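Step one of this worksheet: look at the structure below.
The values are calculated or read from the model by the stated rules, or taken from the named source; none is laboratory data. Because the structure is predicted, anything quoted here is derived from the model rather than measured. Here Cβ is always computed from backbone atoms with ideal geometry, including for glycine, and neighbour counts include all displayed protein chains.
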Amino acid sequence: MKTLVYLEHHDGQIQKDSLGVLSKAASLGGEVEAVLLGSGVEGLADEAARFGAARVHVADDARLEAPLPQPRVDVLERLVRDGGVDTVVFAATVLSADVAAALAARLEAGLNWDLTDLVEESGRLVGKRPALGDSVYVDVGWSSEPRLALIRSGTFEPVETGGSAEVVSVDPQLEEFSLAATMLEQAHEDSEGPSIEDADVIVAGGRGLGGPENFALVEELAKALGGAVAATRAVVDAGWYPYSAQVGQTGKTVSPKLYIACGISGAIQHKVGMQSSGLIVAINKDPNAPIFEYADLGVVGDLHEILPKLTELVRARRAA
Amino acid sequence: MKIAVCAKYVPDAAARLRLDPATKRLDRSGEGALNPFDINAIEEALRLKEAAGDGEIVIVSLGPEGALEAMRKALAMGADRVVLVSDEEAAGSDLVATSRILAAVLEREQADLVLFGQQASDSDGAVLWAAVADRLRRPLISQVAELTREDGKVRGKRQTEYGYDVIEAPLPAVLAVSDAINEPRYPSLKGIMGAKKKPQETVALGDLGLEAGAAGEAGSATEVYALGDPPPRGETRKIDDDGSAADAILEFLAEKKVL
Amino acid sequence: MKPSDYLPPFDPAEFVVAPAEPEIEVGVLVVGAGPAGLACAIRLGQLLEGAPELAERLGDVPVAVLEKGKQPGSHLLSGAVVNPRSLRTLFEGRVRTDAMPFLGRVEHESVYYLTPKRAMRIPAPPTMRNRGNYVASLSQLGRWLAEQAEEAGATILPETTASKLLVADGRVRGVQTGDRGRGRDGEELSNFEPGSEVLASVTVLAEGTQGHLTGVALDRFGLEGENPQVWALGVKEVWRVQKPLDHVIHTMGWPLRGAKRYREFGGSFVYPMGDDMVTVGMVVGLDYRDVELSVHDLLQELKTHRLVRKILEGGERIAWGAKTIPEGGFLSLPRQLNAPGLLICGDGAGLVNVPALKGIHYAVESGRLAAEAAFASLQRGEAPGRSGALAGYDQSLRESFVWEDLKRVRNMRPAFERGFWLGGAIAGAATATRGKLPPGDAHTERDADQELLSGGAASYPAPDGVLTFDKLSSVFLSGNKTRDDAPSHIRVRTDVPPELATLWEHMCPAQVYEAVDGGVEVTASNCVQCGAITAKGGRLTPPEGGSGPEYTVT
């Protein structure tokens, strides 16, 4: 098996999810190579080596500086065809998803996405992915090579295996149409914190808060955790928080790594908007609240006391 | 200006989604509807046409014959034409096969702008446009939350994990819009009544110069092996606060490595 | 205290306007894509096929059917066991019964009187004999009828409410459809789309139970009969089951209380739907008096009875819904079902045979007769707005089996005001004498005029999420995804005393009402448009088109 791992980077660092995928690829065995595309990225090759790449292809070019998908496809296509690569793995992001899909068309190759695991079973590579709102799991595979895979964010943990790698410089041969789209203004970190769709951590408030003023408790905890604030339909209806924060059947669907539900009963209309969260913690003073049936950690108690204390503890732990 | 909007016919959310254990694919036998996310793309196309003063909006879809009725909603909103690729051989097409078919129709149409919606409500797959853009060899802007058009160019505000990029591309181009881009209009009664009279064309793979092997399972490169239950969420722990709940939560978060 | 002490802020005159800027003109406009409306559309299509000049005169759209749900069937719900005779007549033998979307013929049936622990088989009352009838999902039947109607040339317009009646010179000219895209306070949102005025030569109201414009029209044209209409609330579920059920079941008794003071009239049904599905429902007259009574929860409780539990064992609930049923029967029929330019059919008119639990075949027949009357009037070339032009409809209805059936059973339901046992005896006598006994005509009293009492009804089992469920889970299963910022479509006083707030809180199967300090809080987006509130002190008006439940197998 010869695997190529696409490494995404931001602000001079390789993304954690990409390193996780690289570690996983290394554990599957065979030849594992990584590719870094951008401008001024050679320095990241060492890190790629430490997390499992035996060879790192570096395509360093001003034309690759902007995080646009199409030029990357041109480079990857060459690497796959010339290198006899049979498997290409990506950690899913807005950018990498476009790259992977376009590459699949370019190579006429199969792409399976939203995978939460990748294993070898009965001599073939099998991807596991949730479907239909995470209510069912599907085993998927490829009927030809190369095989392309997009791994869901947060699936694999980076594991440092040490080691060094051969670093190969790549001269990008880019198509004209790939360069037609240009970046006029690149995104910068929003000082207000992540939007609830992108947040890794969400702290949500429901009627149990007692009043709109208590959303301050939710906001403080969210800030301490670097997360976003969400709200239930009931409190948005009551005017305690804006509709843009509403999670649920008639609001947004989110799947953060951590969802802390404060004073939320957990009726199904809310549940369907957040049930794919990695971890669910619920704080509610009603021991019979339906949310306790699916929360990973349920706390029966007074959120007005627990939230401020928890916020303090989180701040202290993070400062340490 | 000619705009092609790629729209998908998806099983109706109300008619509980189910995976067919026999084919291991989505049971599409029930009622279906126009993918709600594509409605944003149709609305954006209508706004562009209205701003330009004229133009043509054609809806392109791949699906069973019943899809034509669902696509009528787009005509009711104001789109001009529907082209549906409907062919038994195309059933079970994956990304590679689907993008091949759509690219063939779109080559026929030669639109200035090809629009996609954010995702399909049935497969959650949010990647088709990139594959189509590559086949058409056109510039791509995805996750567009705001769109403006000037002579021969489009400018899109693209939503990423880090905030918004502003990207410009010359026409002809392929764009995928997010559901944040607009609030779709309700079709007027006149629009609903006039929808049936607008041209609705059904084509088969052969009409596009595609052979049976280019589509369906034969033309796909991925397979579905099995369906199963999701892994259990794990034990649910429940504690009563005796004053130490905050500490317990912190420990839990640390243990699960989410801090 | 009674609910009618707190009348809702509703005046039917608000919903009658003169046409001002008509945009669309159709030949015959049918309001409601249910069995009555679609039968009317189908019959018109058949008749117009043989009258091409008239078809042409009627313009581009000779027959239009407005439907407020997302699609035909989305708001249709019933048991149902259907008598196929009207459908056979409608299709003139051209469609075989086995081509109709029925889910099985009724071969066996049983009626039980339940106590908490036992199920005592009792002989089926003669009005309840169902051999030869078919089990159906009304929602599915509606979808199928809509296809037939389109094939017959009708234009069906879903997600469109008929919000106001257009009247000029004393005749109905058409309807004004509802606005879409208003915010919570009625403000116009960015995608606001105003309703349109649709003119028609004949308007047929086939809106079903609690029909909005039907109520408006009855008031405007003084068509109300002597007795007020009364309703029952039916709540039902569809389950996927392991073992097929092979007979139709009706029950009486538990969990309803037979004592006269409670006025709890109703029962339950369990019907097989093919081999792998079963529907179970509870129907209770809205003249009940205990403020804590909840039909939704009575259904949950019913399922815990040994008889029902074993049918549902190992199964999965796949659908839920609720709808009111007009129960006044013959006594509550409007004195006339036509007005200049207007015809009224189906459940909206109250054409339901309560003891037999049948209304669908009457709806179909009334729709068919309405089509014939409209066609005849249009054929004659006279203005259907001329007074009496559509009187042929009432005439043919009175000569039909619909009238005969309803008249025969007219006194049965009111007999049950005397409590289950005495009522049962009176009903038995009525059956035996084919309606000659008891003599004379009983009367109905408005549901909202019933004095309320606190009778401790609310000792329902806590939902277990497997066999029994809470209201919000049920609303979810109805497919209701109404947008939260839509304006409230429910006219009700919110500053009401706690007993009334409690009554509504328990009554509503969709948890729309919540008793709070000072009155009641209304979450209109939960509403599945069953109509119960209209019977008990409020008034349901149609919300934005396309909202509400999305029934598929109810």
| message | Condition (residue is assigned to a helix (DSSP H, G or I) and within 24 Å of C:Val216 (Cβ to Cβ)) applied to segment C:352-360: is it met by at least one residue? | response | no
| task | State the number of residues belonging to segment B:86-97 that are at the interface with chain A (Cβ under 10 Å from one of its Cβ atoms) and either outside any loop (DSSP other than H, G, I, E, B) or surrounded by fewer than 22 Cβ atoms within 10 Å (Cβ to Cβ) (or both). | result | 3
| query | Looking at (1) within 11 Å of another protein chain (Cβ to nearest Cβ); (2) surrounded by 24 or more Cβ atoms within 10 Å (Cβ to Cβ), can you tell me which one A:Lys128 breaks? | reply | (2)
| field | Residues of segment B:169-179 that turn out to be part of a strand (DSSP E or B) and either surrounded by fewer than 20 Cβ atoms within 10 Å (Cβ to Cβ) or within 14 Å of chain C (Cβ to nearest Cβ) (or both), as a count | value | 1
| query | When you look at A:Gly266, is it touching a helix residue (DSSP H, G or I) at 6+ places or on another chain (Cβ under 6 Å) and in a loop (DSSP other than H, G, I, E, B), yes or no? | reply | yes
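Restricting to segment B:197-223, count the residues that are closer than 26 Å to B:Ala91 by Cα and either hydroxyl-bearing (Ser, Thr, Tyr) or not in a helix (DSSP H, G or I) (or both).
18
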| Can you find even one residue in segment B:176-186 that is under 13 Å from A:Asp98 (Cβ atoms), under 19 Å from the mean Cα position of the chain (by Cα) and not hydroxyl-bearing (Ser, Thr, Tyr)? | yes
| remark: In segment A:46-98, residues that are among the aromatic types (Phe, Trp, Tyr) and within 27 Å of B:Val166 (Cβ to Cβ) total 1
| Can you tell which of C:Gln176, C:Gln140 is modelled with pLDDT of 90 or more and within 20 Å of the chain's Cα centre (by Cα)? | C:Gln140
| request: Select from segment C:137-181 the residues that are of a type in the set (Lys, Arg), farther than 30 Å from C:Asn83 by Cα and within 11 Å of another protein chain (Cβ to nearest Cβ) and list them in ascending order. | output: C:Arg180
| said: Give me the residue from segment A:282-320 that is over 13 Å from B:Leu253 (Cα atoms) and part of a strand (DSSP E or B) and, out of that set, farthest from the other protein chains (Cβ to nearest Cβ). | reply: A:Asn284
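Conditions (1) of a type in the set (A, V, I, L, M); (2) surrounded by fewer than 17 Cβ atoms within 10 Å (Cβ to Cβ); (3) in contact (Cβ under 8 Å) with a residue 12 or more places away in the chain, marked per residue:
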position	(1), (2), (3)
A:Lys16	no, yes, yes
A:Glu33	no, no, yes
A:Glu42	no, yes, yes
A:Ala48	yes, no, yes
A:Phe51	no, no, yes
A:Ala62	yes, yes, yes
| Selection from segment C:25-76 of residues that are under 20 Å from C:Gly381 (Cα atoms) and of a type in the set (Asp, Glu) | C:Glu25, C:Glu49, C:Glu53, C:Glu56, C:Asp60
| query | Of the residues that sit in segment C:242-273 and are hydrophobic (A, V, I, L, M, F, W, C) and assigned to a strand (DSSP E or B), which one is farthest from C:Leu286 (Cα to Cα)? | reply | C:Met273
| So which residues in segment B:180-239 are of a type in the set (Val, Ile, Thr) and more than 9 Å from chain A (Cβ to nearest Cβ)? | B:Ile181, B:Ile192, B:Thr202, B:Val203
| field | Test result for B:Gly216, at positive phi, out of contact with any strand residue (DSSP E or B) (no Cβ under 9 Å at 6 or more places or on another chain) and modelled with pLDDT of 85 or more | value | yes
| query | Just one of A:Val99, A:Val89 is away from chain B (no Cβ under 11 Å) and touching a helix residue (DSSP H, G or I) at 6+ places or on another chain (Cβ under 7 Å); which is it? | reply | A:Val89
| Restricting attention to segment A:136-158, which residues are within 7 Å of chain B (Cβ to nearest Cβ) and surrounded by fewer than 17 Cβ atoms within 10 Å (Cβ to Cβ)? | A:Val136, A:Ser143, A:Ser144
| task | Select from segment B:99-151 the residues that are without any contact (Cβ under 8 Å) to a residue 60 or more places away in the chain and closer than 26 Å to A:Gly141 by Cα and list them in ascending order. | result | B:Ser99, B:Ala103, B:Asp124, B:Gly125, B:Ala126, B:Val127, B:Ala130, B:Ala131, B:Ala133, B:Asp134, B:Arg135
| said: Given the criteria at the interface with another protein chain (Cβ under 10 Å from one of its Cβ atoms), over 15 Å from the mean Cα position of the chain (by Cα) and either surrounded by fewer than 22 Cβ atoms within 10 Å (Cβ to Cβ) or touching a residue at least 24 places away in the same chain (Cβ under 8 Å) (or both), does B:Lys73 qualify? | reply: yes
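Of all the residues that make up segment A:7-58, how many are in a strand (DSSP E or B) and more than 14 Å from chain B (Cβ to nearest Cβ)?
Total meeting the criteria: 14.
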| field | Qualifying positions in segment C:6-45 - out of contact with any Asp or Glu (no Cβ under 8 Å at 6 or more places or on another chain), surrounded by fewer than 16 Cβ atoms within 10 Å (Cβ to Cβ) and in a helix (DSSP H, G or I) | value | C:Glu14
| note | With criteria (1) more than 10 Å from chain B (Cβ to nearest Cβ); (2) more than 24 Å from the chain's Cα centre (by Cα), A:Ala245 comes up short on (2)
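Going by the structure shown, is C:Gly531 at positive phi and at pLDDT below 95? Walk me through it before giving the result.
Details: at positive phi: yes; at pLDDT below 95: no.
Answer is no for this residue.
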| request: Give A:Ala105, A:Ala92 a once-over and let me know the one that is crowded, with 22+ Cβ neighbours inside 10 Å, closer than 25 Å to B:Leu175 by Cα and free of Cβ contacts under 8 Å to residues at least 12 places away in the same chain. | output: A:Ala105
| field | Boolean, A:Val229 is assigned to a strand (DSSP E or B), out of contact with any His (no Cβ under 6 Å at 6 or more places or on another chain) and more than 10 Å from chain B (Cβ to nearest Cβ) | value | yes
